[in-house]
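Accompanying notes for the structure given below.
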Amino acid sequence: SQQGEEDPQALSIQEGENATMNCSYKTSINNLQWYRQNSGRGLVHLILIRSNEREKHSGRLRVTLDTSKKSSSLLITASRAADTASYFCATDGSTGNQFYFGTGTSLTVIP
Amino acid sequence: NAGVMQNPRHLVRRRGQEARLRCSPMKGHSHVYWYRQLPEEGLKFMVYLQKENIIDESGMPKERFSAEFPKEGPSILRIQQVVRGDSAAYFCASSRSRGSHEQYFGPGTRLTVT
(Lines give C-alpha, C1' and ligand atoms only; values in the text may rest on other atoms or scores of the structure.)
Protein backbone atom coordinates (compact mmCIF):
# COMPACT_ATOMS: atom_id res chain seq x y z
CA SER A 1 0.00 0.00 0.00
CA GLN A 2 1.20 3.50 -0.73
CA GLN A 3 -0.77 4.87 2.15
CA GLY A 4 0.96 7.30 4.43
CA GLU A 5 1.14 6.77 8.12
CA GLU A 6 0.95 9.53 10.67
CA ASP A 7 2.68 9.41 13.98
CA PRO A 8 1.64 9.75 16.72
CA GLN A 9 -1.94 8.53 16.39
CA ALA A 10 -3.03 10.91 19.12
CA LEU A 11 -1.41 13.91 20.76
CA SER A 12 -2.57 16.03 23.66
CA ILE A 13 -0.84 19.30 24.56
CA GLN A 14 -1.42 22.50 26.50
CA GLU A 15 -2.41 25.67 24.71
CA GLY A 16 0.68 27.62 23.70
CA GLU A 17 2.87 24.57 23.23
CA ASN A 18 4.10 23.37 19.87
CA ALA A 19 2.68 20.25 18.23
CA THR A 20 4.68 18.06 15.87
CA MET A 21 3.17 15.36 13.72
CA ASN A 22 5.03 13.04 11.40
CA CYS A 23 4.06 11.27 8.23
CA SER A 24 5.83 8.45 6.43
CA TYR A 25 5.03 7.12 2.99
CA LYS A 26 6.24 4.31 0.79
CA THR A 27 6.63 5.34 -2.85
CA SER A 28 8.03 8.29 -4.76
CA ILE A 29 5.81 11.37 -4.85
CA ASN A 30 5.31 14.58 -6.77
CA ASN A 31 3.94 16.42 -3.78
CA LEU A 32 2.69 15.91 -0.25
CA GLN A 33 -0.16 17.76 1.38
CA TRP A 34 -1.45 18.22 4.90
CA TYR A 35 -5.13 18.51 5.73
CA ARG A 36 -7.10 19.22 8.87
CA GLN A 37 -10.42 17.66 9.72
CA ASN A 38 -12.57 18.86 12.56
CA SER A 39 -14.78 16.22 14.11
CA GLY A 40 -17.61 15.27 11.77
CA ARG A 41 -16.58 17.78 9.12
CA GLY A 42 -14.83 17.84 5.77
CA LEU A 43 -11.14 18.30 5.15
CA VAL A 44 -9.45 21.65 5.01
CA HIS A 45 -6.30 21.99 2.94
CA LEU A 46 -3.41 23.37 4.99
CA ILE A 47 -0.29 23.24 2.91
CA LEU A 48 1.26 21.59 -0.13
CA ILE A 49 4.97 20.84 -0.40
CA ARG A 50 6.52 19.66 -3.65
CA SER A 51 9.07 16.90 -3.86
CA ASN A 52 11.87 19.37 -4.67
CA GLU A 53 11.14 21.49 -1.60
CA ARG A 54 12.51 20.79 1.85
CA GLU A 55 10.59 23.20 4.03
CA LYS A 56 7.54 25.41 3.76
CA HIS A 57 5.86 27.86 6.10
CA SER A 58 2.32 29.13 6.34
CA GLY A 59 1.44 31.23 9.36
CA ARG A 60 1.95 29.06 12.45
CA LEU A 61 2.52 25.97 10.31
CA ARG A 62 5.87 24.62 9.26
CA VAL A 63 6.15 21.57 7.04
CA THR A 64 9.34 19.70 6.21
CA LEU A 65 9.89 17.02 3.64
CA ASP A 66 12.70 14.49 3.49
CA THR A 67 12.32 12.47 0.30
CA SER A 68 15.33 10.28 1.13
CA LYS A 69 13.55 9.10 4.26
CA LYS A 70 10.12 9.32 2.69
CA SER A 71 8.85 11.36 5.58
CA SER A 72 7.30 14.72 6.36
CA SER A 73 6.56 16.61 9.53
CA LEU A 74 3.96 19.23 10.40
CA LEU A 75 4.78 21.65 13.18
CA ILE A 76 2.08 23.87 14.67
CA THR A 77 3.60 26.55 16.83
CA ALA A 78 1.89 28.33 19.73
CA SER A 79 -1.08 25.98 19.57
CA ARG A 80 -4.61 27.13 20.28
CA ALA A 81 -7.69 25.26 21.44
CA ALA A 82 -9.13 25.83 17.96
CA ASP A 83 -6.31 23.70 16.51
CA THR A 84 -7.96 20.64 18.05
CA ALA A 85 -8.67 18.38 15.08
CA SER A 86 -7.37 15.39 13.17
CA TYR A 87 -4.48 16.02 10.81
CA PHE A 88 -3.84 13.94 7.72
CA CYS A 89 -1.02 13.81 5.24
CA ALA A 90 -1.77 12.89 1.64
CA THR A 91 0.62 11.86 -1.09
CA ASP A 92 -0.11 11.79 -4.79
CA GLY A 93 1.69 8.63 -5.75
CA SER A 94 3.25 7.95 -9.11
CA THR A 95 0.21 8.40 -11.35
CA GLY A 96 -1.05 11.65 -9.87
CA ASN A 97 -4.57 10.32 -10.25
CA GLN A 98 -5.32 9.95 -6.61
CA PHE A 99 -4.16 10.93 -3.19
CA TYR A 100 -3.27 8.47 -0.48
CA PHE A 101 -4.25 9.50 3.00
CA GLY A 102 -2.80 8.28 6.24
CA THR A 103 -4.92 7.36 9.22
CA GLY A 104 -4.35 10.74 10.82
CA THR A 105 -3.09 12.25 14.05
CA SER A 106 -5.76 13.33 16.49
CA LEU A 107 -4.58 16.53 18.17
CA THR A 108 -6.17 17.86 21.34
CA VAL A 109 -5.12 21.28 22.59
CA ILE A 110 -6.13 21.82 26.20
CA PRO A 111 -7.02 25.43 27.04
CA ASN B 1 -16.91 31.75 -4.99
CA ALA B 2 -18.62 28.65 -3.63
CA GLY B 3 -16.53 25.71 -2.61
CA VAL B 4 -17.20 22.08 -3.35
CA MET B 5 -20.80 21.27 -2.58
CA GLN B 6 -22.17 17.91 -1.64
CA ASN B 7 -25.71 16.83 -0.99
CA PRO B 8 -27.33 15.48 0.90
CA ARG B 9 -25.24 16.03 4.02
CA HIS B 10 -26.84 13.08 5.74
CA LEU B 11 -28.55 10.14 4.14
CA VAL B 12 -30.24 7.22 5.82
CA ARG B 13 -31.08 4.15 3.76
CA ARG B 14 -32.37 0.71 4.62
CA ARG B 15 -30.47 -2.34 3.48
CA GLY B 16 -31.20 -3.07 -0.16
CA GLN B 17 -32.08 0.49 -1.13
CA GLU B 18 -30.09 2.73 -3.43
CA ALA B 19 -28.02 5.70 -2.33
CA ARG B 20 -27.22 8.63 -4.62
CA LEU B 21 -24.62 11.12 -3.53
CA ARG B 22 -24.05 14.34 -5.45
CA CYS B 23 -21.01 16.53 -5.77
CA SER B 24 -20.67 19.90 -7.47
CA PRO B 25 -17.01 20.86 -7.92
CA MET B 26 -15.61 24.32 -7.45
CA LYS B 27 -16.10 26.69 -10.34
CA GLY B 28 -13.44 26.12 -12.95
CA HIS B 29 -12.58 22.65 -11.68
CA SER B 30 -13.08 19.75 -14.05
CA HIS B 31 -11.49 17.00 -11.96
CA VAL B 32 -13.52 15.21 -9.30
CA TYR B 33 -12.39 12.61 -6.79
CA TRP B 34 -14.50 10.50 -4.45
CA TYR B 35 -13.21 9.18 -1.15
CA ARG B 36 -14.73 7.09 1.60
CA GLN B 37 -13.93 7.47 5.26
CA LEU B 38 -14.87 4.78 7.71
CA PRO B 39 -15.09 5.71 11.41
CA GLU B 40 -11.70 6.36 13.00
CA GLU B 41 -9.91 5.88 9.69
CA GLY B 42 -8.34 8.01 7.01
CA LEU B 43 -9.81 8.63 3.60
CA LYS B 44 -9.64 5.92 1.01
CA PHE B 45 -9.63 6.83 -2.66
CA MET B 46 -12.49 5.44 -4.70
CA VAL B 47 -12.62 7.03 -8.12
CA TYR B 48 -11.26 9.93 -10.17
CA LEU B 49 -13.35 11.47 -12.93
CA GLN B 50 -13.09 14.22 -15.46
CA LYS B 51 -16.07 15.48 -17.37
CA GLU B 52 -17.76 12.49 -19.01
CA ASN B 53 -14.79 10.21 -18.30
CA ILE B 54 -13.73 7.86 -15.54
CA ILE B 55 -9.97 8.18 -15.31
CA ASP B 56 -9.18 5.89 -12.40
CA GLU B 57 -11.63 3.67 -10.56
CA SER B 58 -9.08 1.44 -8.89
CA GLY B 59 -10.55 2.14 -5.45
CA MET B 60 -14.15 1.36 -6.33
CA PRO B 61 -15.70 -1.89 -5.14
CA LYS B 62 -16.36 -4.09 -8.14
CA GLU B 63 -20.07 -4.44 -7.51
CA ARG B 64 -22.92 -2.12 -6.56
CA PHE B 65 -20.84 1.09 -6.83
CA SER B 66 -20.75 3.38 -9.84
CA ALA B 67 -19.83 6.98 -10.51
CA GLU B 68 -20.41 9.47 -13.25
CA PHE B 69 -19.56 13.07 -14.04
CA PRO B 70 -21.78 14.17 -16.92
CA LYS B 71 -21.13 17.10 -19.20
CA GLU B 72 -23.80 19.08 -17.35
CA GLY B 73 -24.62 18.75 -13.68
CA PRO B 74 -22.94 17.31 -10.63
CA SER B 75 -20.93 14.18 -10.23
CA ILE B 76 -22.97 11.28 -8.85
CA LEU B 77 -21.77 8.40 -6.72
CA ARG B 78 -24.35 5.66 -6.79
CA ILE B 79 -24.51 2.72 -4.43
CA GLN B 80 -27.02 0.04 -5.25
CA GLN B 81 -28.47 -2.43 -2.75
CA VAL B 82 -26.71 -0.82 0.19
CA VAL B 83 -25.46 -2.94 3.07
CA ARG B 84 -24.52 -1.91 6.62
CA GLY B 85 -20.84 -1.93 5.71
CA ASP B 86 -21.48 0.95 3.29
CA SER B 87 -22.17 3.24 6.25
CA ALA B 88 -19.42 5.86 6.09
CA ALA B 89 -18.68 9.45 5.23
CA TYR B 90 -18.23 9.99 1.50
CA PHE B 91 -16.16 12.97 0.48
CA CYS B 92 -15.83 14.55 -2.88
CA ALA B 93 -12.88 16.70 -3.86
CA SER B 94 -12.17 18.74 -6.95
CA SER B 95 -9.10 20.21 -8.54
CA ARG B 96 -8.32 22.39 -11.49
CA SER B 97 -5.97 19.80 -12.90
CA ARG B 98 -4.55 16.54 -11.72
CA GLY B 99 -1.27 15.91 -10.03
CA SER B 100 0.36 18.95 -8.50
CA HIS B 101 -2.67 20.94 -7.48
CA GLU B 102 -4.30 20.63 -4.11
CA GLN B 103 -7.69 19.07 -3.90
CA TYR B 104 -10.52 21.02 -2.34
CA PHE B 105 -12.91 18.91 -0.32
CA GLY B 106 -16.62 19.14 0.16
CA PRO B 107 -18.28 18.76 3.57
CA GLY B 108 -19.09 15.13 2.90
CA THR B 109 -22.22 13.01 2.89
CA ARG B 110 -22.74 10.78 5.89
CA LEU B 111 -24.49 7.62 4.81
CA THR B 112 -26.12 5.45 7.43
CA VAL B 113 -27.54 2.10 6.43
CA THR B 114 -30.06 0.68 8.85
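Remarks
- Placing dummy labels 7 Å off each Cα toward the beta-carbon, the span from B:Lys71 to A:Arg41 is 3.9 nm.
- Overall dimensions of the protein assembly as shown as given by Cα atoms, namely Rg and Dmax in Å: 17.4, 50
- Highest mean first, the peptides A:40-47, A:19-26, A:85-92, B:57-64 sorted by other C-beta atoms within 10 Å per residue fall in the order A:85-92, A:19-26, A:40-47, B:57-64.
- Taking amide H as placed 1.01 Å from N in the peptide plane, the amide H of A:Thr84 sits under 5 Å from that of A:Val109, each at least 5 places away or on another chain.
- Beta-bridge orientation, chain B: approximately 90 percent antiparallel, per DSSP, counting only bridges with both partners inside.
- Here is the interface size for B with A: some 1700 Å² of accessible area buried, both sides summed, with a 1.4 Å probe.
- Pairwise FRET efficiency - B:Lys44 versus A:Ser51, Cβ, R0 = 35 Å, nearest 0.05: 0.90
- Length gained when the stretch B:Arg9-B:Arg78 is fully extended (0.36 nm per residue, less Cα-Cα span): 23.3 nm
- Using θ = phi - 60° and Karplus 6.51 cos²θ - 1.76 cosθ + 1.60, couplings along the range A:36-43 (whole Hz; Gly, Pro as x): 10, 9, 6, 3, x, 10, x, 8
- The phi torsions of the range A:46-53, fed into the Karplus equation with coefficients 6.51, -1.76 and 1.60 and a -60° offset, translate into couplings of 9, 6, 10, 10, 8, 5, 8, 9 Hz, rounded to whole numbers, with Gly and Pro shown as x.
- For the pair A:Asp7 and A:Ala82, label points projected 7 Å from Cα toward Cβ lie 3.2 nm apart.
- Per residue accessible area of the protein assembly as shown, 1.4 Å probe, in Å²: 48
- Across B:Arg78, B:Arg22, B:Arg14, mean-square fluctuation computed from a Gaussian network of chain B (C-alpha pairs under 10 Å connected) peaks at B:Arg14.
- Averaged over peptide A:99-109, the number of partner chain Cβ atoms lying within 10 Å of each residue's Cβ comes to 3.
- Positive-end residue of A:Ala81, B:Gln103, A:Gln9, charge dipole of the protein assembly as shown with Cβ unit charges: B:Gln103
- Cross-link pairs exceeding 25 Å between alpha carbons, from the set A:Lys70/B:Lys62; A:Lys56/B:Lys51; A:Lys26/A:Lys56; A:Lys70/B:Lys51: A:Lys70/B:Lys62; A:Lys56/B:Lys51; A:Lys70/B:Lys51.
- Carbon/sulfur fraction of accessible area - chain B, other protein chains in place, 1.4 Å, %: 45
- Residues losing 50 Å² or more accessible surface upon assembly, the range A:25-52, compared with the chain by itself, 1.4 Å: A:Leu43
- Net lengthening on full extension, B:Ser30/B:Glu52 (0.36 nm per residue, minus Cα-Cα): 6.9 nm
- Seen through its C-alpha gyration tensor, with square-root eigenvalues sorted a ≥ b ≥ c, the range B:33-110 comes out oblate because a/c lies at 1.5 or above while a/b is not bigger than b/c.
- Zone residues, the range A:2-31, relative to A:Asp66, backbone N less than 13 Å from point 7 Å out along Cα-to-Cβ: A:22-25
- Our coupling estimate for the range A:101-108, obtained by passing each phi through the Karplus curve with A = 6.51, B = -1.76, C = 1.60 and θ = phi - 60°, is 9, x, 8, x, 10, 8, 9, 10 Hz, Gly and Pro reported as x.
The values are calculated or read from the model by the stated rules, or taken from the named source; none is laboratory data. Keep in mind it's a predicted model, so treat the numbers as computed, not measured. Here the Cβ is made from the backbone with ideal geometry for all residues, glycine too, and neighbour counts use every protein chain on show. Side chains included, ligands, DNA and RNA excluded: accessible areas come from the protein's heavy atoms. Shrake-Rupley method; radii C 1.70, N 1.55, O 1.52, S 1.80 Å.
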